[in-house]
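Everything below concerns the one structure shown next.
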Amino acid sequence: MIRFIEVIGEVDSAQLSLGEVWINEAYVVSVREARGYRSLLQEGKLPADLNEAHSFTTVVTNNGHSTQSHVVVGSPMSVAKRLKPTPSTLLKG
């Protein structure tokens, strides 16, 4: 499981907040840019401690009986790299 910072709250609300979410990479279905969140950051609807250069990504998970979408801080490329399983290497011994 991999830790991300998630945007919490409804887009229509006056203020959104950030929280921690752990995502099981085995259940990830898709990763795509979360359009519109950069403008929410510029409008001041996201916490002020975020840099305006941040980008946001929607991660969709499916565990068989439910599908969830999480908007996380980071570009789609950086999120995808973190979700990619690292190949195991056999230690010589």
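The values are calculated or read from the model by the stated rules, or taken from the named source; none is laboratory data. These numbers come from a predicted model, not from an experiment. Methodologically, a virtual Cβ is constructed for each residue, glycine included, from the backbone with ideal geometry; neighbour enumeration extends over all protein chains shown. Each accessible area value is taken on the protein alone, full model and side chains, heavy atoms only, with ligands, DNA and RNA left out. Shrake-Rupley method; radii C 1.70, N 1.55, O 1.52, S 1.80 Å.
Surface analysis of the chain yields an accessible area of 69 Å² per residue, using protein heavy atoms and a 1.4 Å probe. Cross-link partners for K92 among the lysines, with Cα-Cα distance under 21 Å and sequence neighbours closer than 8 places in the same chain left out, do not exist in this structure. Extension gain for the segment Q42 to N62, taken as residue separation times 0.36 nm less the Cα-Cα distance, is 4.1 nm to one decimal.
Take every Cα-Cα pair in the chain and report what % of them are more than 20 Å apart.
Numbers: 1684 of 4278 pairs.
Considering the chain, 39 percent of its Cα-Cα pairs are separated by more than 20 Å.
Summing charges over neighbours of T61, with a neighbour being any other residue whose Cβ is under 15 Å away from its Cβ, gives +1 when K and R count +1 and D and E count -1. Measuring r between the beta carbons of L91 and R3 and using R0 = 30 Å, the FRET efficiency lands at 0.70.
Determine, from the Cβ-Cβ distance of S13 and K84 and an R0 of 35 Å, the FRET efficiency 1/(1 + (r/R0)^6), rounded to the nearest 0.05. FRET efficiency, S13 to K84: 0.60. In this rough spin-label picture, where each label sits 7 Å from Cα along the Cβ direction, the R32-E20 distance is 3.0 nm.
With all protein chains in place and a 1.4 Å probe, the accessible surface of the range 13-93 carries 52 percent carbon and sulfur.
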